[in-house]
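Asks: One structure is given below, represented as structure tokens, and several questions about it will come after.
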Amino acid sequence: MDKVFPKKITRIAPDVFILDMGQNMVGWLQMKVSGKAGDRIKLRFAEQLKSDGSIYTSNLRSASATDTYICNGDGEEIWEPTFVYHGFRFVE
């Protein structure tokens, strides 16, 4: 299994970032985060961007392509989902 790291990270709004993985792929995101207990982090996956730089999800129809992580507040946490993978190039 190969690890791929973002080629570019763009902040499009306060607390909203777009990760460009540089290629379309199938997989999942592993993240390292620090937050307060109960902080919610939502990861949305897409293969394309809109002209304004936000992720394009209309082609997904009813599929949410979203992972949600709730911090436990114990310092740095490393998380990756189990039993899921996505087709994506961009992660919000």
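The values are calculated or read from the model by the stated rules, or taken from the named source; none is laboratory data. Here the structure is a predicted model, which is why all the values come from computation and not from measurement. Neighbour counts run over all protein chains shown; Cβ positions are idealised from the backbone, glycine included. Note: areas computed on protein heavy atoms with side chains; ligands, DNA, RNA excluded. Shrake-Rupley method; radii C 1.70, N 1.55, O 1.52, S 1.80 Å.
Asks: With point charges of +1 on the Cβ of Lys and Arg and -1 on the Cβ of Asp and Glu, referenced to the Cα centre of the chain, which listed residue (GLY22, SER58, LEU43) lies farthest in the positive direction of the dipole?
Replies: Sorting the options by dipole projection puts first SER58.
Asks: Can you list the residues, at least 5 places off or on another chain, whose amide H is less than 5 Å from the amide H of ASP39, using H built in the peptide plane?
Replies: CYS71
Asks: Determine the per residue accessible area of region 7-92 with all protein chains present and a 1.4 angstrom probe, expressed in square angstrom.
Replies: The answer is 68 Å² per residue.
Asks: To the nearest 20 debye, what charge dipole does the chain have about its Cα centre, counting +1 at the Cβ of each Lys and Arg and -1 at the Cβ of each Asp and Glu?
Replies: The calculated dipole for the chain is roughly 280 debye.
Asks: Would you list which lysines come within 25 Å of LYS32, measuring only between C-alpha atoms, while excluding same-chain residues fewer than 8 positions from it?
Replies: Within the straight-line limit of under 25 Å, LYS32 reaches these lysines: LYS3, LYS7, LYS8, LYS42.
Asks: Right, next: Short version: ³J(HN,Hα) in whole Hz for each residue of region 60-70, in order, from phi by Karplus 6.51 cos²θ - 1.76 cosθ + 1.60 (θ = phi - 60°), x for Gly and Pro, what are they?
Replies: Residue by residue, region 60-70 yields 7, 6, 8, 6, 7, 6, 10, 10, 10, 10, 10 Hz.
Asks: A follow-up question, please. Using a/c under 1.5 as the rounded threshold, could you call the chain rounded, prolate or oblate? The axes a ≥ b ≥ c are square roots of the C-alpha gyration tensor eigenvalues, and prolate needs a/b larger than b/c, oblate otherwise.
Replies: Prolate, because a/c is 1.5 or more and a/b exceeds b/c.
Asks: Under the 0.36 nm per residue contour assumption, what length would be gained going from the current alpha-carbon distance of GLN30 and MET1 to full extension?
Replies: Full extension from GLN30 to MET1 adds 9.1 nm.
Asks: While we're on this one: Could you give the length gained by full extension between ASP15 and ILE78, i.e. 0.36 nm per residue of separation minus their alpha carbon distance, to one decimal place?
Replies: Answer, rounded to one decimal: 20.8 nm.
Asks: Another question, then. So what is the relative contact order of the chain, in percent, for Cα pairs below 8 Å that sit 6 or more residues apart?
Replies: Relative contact order comes out at 40 percent.
Asks: For the chain, what % of the accessible area comes from carbon and sulfur atoms, probe 1.4 Å?
Replies: Summing carbon and sulfur atoms, their accessible area is 49 percent of the total for the chain.
Asks: Convert each backbone phi in region 24-41 into a coupling constant with the Karplus relation 6.51 cos²θ - 1.76 cosθ + 1.60 (shift: θ = phi - 60°), then list the ³J(HN,Hα) values in order as whole Hz, x for Gly and Pro.
Replies: 5, 8, 10, x, 8, 10, 9, 10, 10, 8, 10, x, 7, 4, x, 4, 10, 10
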